[in-house]
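Engineer: Take a look at the following structure, please.
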Amino acid sequence: MFALLLAIFLSAPASTPAPGGGAGHPRESSLVKRRWGVDVIGVRESAAGYMLEFRYRVIDPAKAAPLFARKTKPLLVHEESGAKLVVPTPAKTGALRNSDTPLAGHTYWMFFANPGRLVKPGNHVSVEIGAFKTDRMMVQ
């Protein structure tokens, strides 16, 4: 059952979030693009609220490469509670994130577990992937 749900969510096309879904401040979005070579699309609920999906588009693959390092463990921080959510790593599929070589113009994703549906639409979160960090993204 889990594998079927996972296949459905992974094959879903990228969608453009409503305003406010990306980086918290326009200057932060510009900084992330210049420094990390990615355009943050946003965070949205998935899997009936038990998962959160973070999507971003690669602009410069060389700058974005650190976000794809397999040994880097991404965290999603719920700003209201301070809870740190991780990317699940099921035995059969591996980590629910992209770790292949990034390509310019492609949209990538990663899923974070949301146990007990702690994080809800309208809440603010930060995503940390090594030295990369985005603040105050509103969950869609």
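The values are calculated or read from the model by the stated rules, or taken from the named source; none is laboratory data. This one's a predicted model, so the numbers in the text were calculated from it and none came from an experiment. We place every Cβ from the backbone using ideal geometry, glycine too, and count neighbours over all the protein chains shown. These area figures cover heavy atoms from the full protein model, side chains too; ligands, DNA and RNA do not enter into them. Shrake-Rupley method; radii C 1.70, N 1.55, O 1.52, S 1.80 Å.
Engineer: Is it true that Ala62 is modelled with pLDDT of 95 or more, over 15 Å from the mean Cα position of the chain (by Cα) and open to solvent by 50 Å² or more (accessible area, probe 1.4 Å)? Write out each step before concluding.
Structural biologist: Values: modelled with pLDDT of 95 or more: yes; over 15 Å from the mean Cα position of the chain (by Cα): yes; open to solvent by 50 Å² or more (accessible area, probe 1.4 Å): yes.
So Ala62 passes the test.
Engineer: Contact list please: Cβ distance under 8 Å, first residue in segment 69-90 and of a type in the set (Gly, Ala, Ser), second residue modelled with pLDDT under 95 and part of a loop (DSSP other than H, G, I, E, B), pairs at least six apart or on different chains.
Structural biologist: Within 8 Å, the pairs are Ala69/Ser99.
Engineer: What single numbered condition from (1) at pLDDT below 95; (2) open to solvent by 80 Å² or more (accessible area, probe 1.4 Å); (3) of a type outside the set (A, V, I, L, M) fails to hold for Arg57?
Structural biologist: Only one criterion is unmet by Arg57, namely (1).
Engineer: A further question on this structure: Could you grab me the full set of residues in segment 105-129 that are within 24 Å of Ile59 (Cβ to Cβ) and open to solvent by 60 Å² or more (accessible area, probe 1.4 Å)? Spell out how you get there, then give the answer.
Structural biologist: In the first step, residues of segment 105-129 are kept if they are within 24 Å of Ile59 (Cβ to Cβ); the result is 105-112, 125-129.
The one that is within 24 Å of Ile59 (Cβ to Cβ) and open to solvent by 60 Å² or more (accessible area, probe 1.4 Å): His106.
Engineer: With (1) polar (S, T, N, Q); (2) in contact with a strand residue (DSSP E or B) (Cβ under 6 Å, 6 or more places away or on another chain); (3) open to solvent by 40 Å² or more (accessible area, probe 1.4 Å) as the list, and Ser46 as the residue in question, which single condition is left unmet?
Structural biologist: For Ser46, the exception is condition (3).
Engineer: If we scan segment 31-38, do we find a residue that is under 22 Å from Pro102 (Cα atoms), of a type in the set (Val, Ile, Thr) and either buried (at least 17 other Cβ atoms within 10 Å of the Cβ) or at pLDDT 55 or above (or both)? Show your work before the answer.
Structural biologist: Of all residues in segment 31-38, those under 22 Å from Pro102 (Cα atoms) come to 31-38.
Cutting the leftovers down to of a type in the set (Val, Ile, Thr) gives us 32, 38.
If we keep only those that are either buried (at least 17 other Cβ atoms within 10 Å of the Cβ) or at pLDDT 55 or above (or both) too, we end up with 32, 38.
Among the residues of segment 31-38, at least one is under 22 Å from Pro102 (Cα atoms), of a type in the set (Val, Ile, Thr) and either buried (at least 17 other Cβ atoms within 10 Å of the Cβ) or at pLDDT 55 or above (or both), which makes the answer yes.
Engineer: Which residue pairs have Cβ atoms under 6 Å apart, sit 6 or more places apart or on different chains, and have a first residue in segment 114-136 that is at negative phi and modelled with pLDDT of 95 or more and a second that is of a type in the set (A, V, I, L, M, F, W, C) and assigned to a helix (DSSP H, G or I)?
Structural biologist: Ile129/Leu67; Phe132/Trp36; Phe132/Leu67
Engineer: Suppose the filter is at pLDDT 95 or above and outside any helix (DSSP H, G or I); does Arg44 pass it?
Structural biologist: Numbers: at pLDDT 95 or above: yes; outside any helix (DSSP H, G or I): yes.
So Arg44 fits the description; yes.
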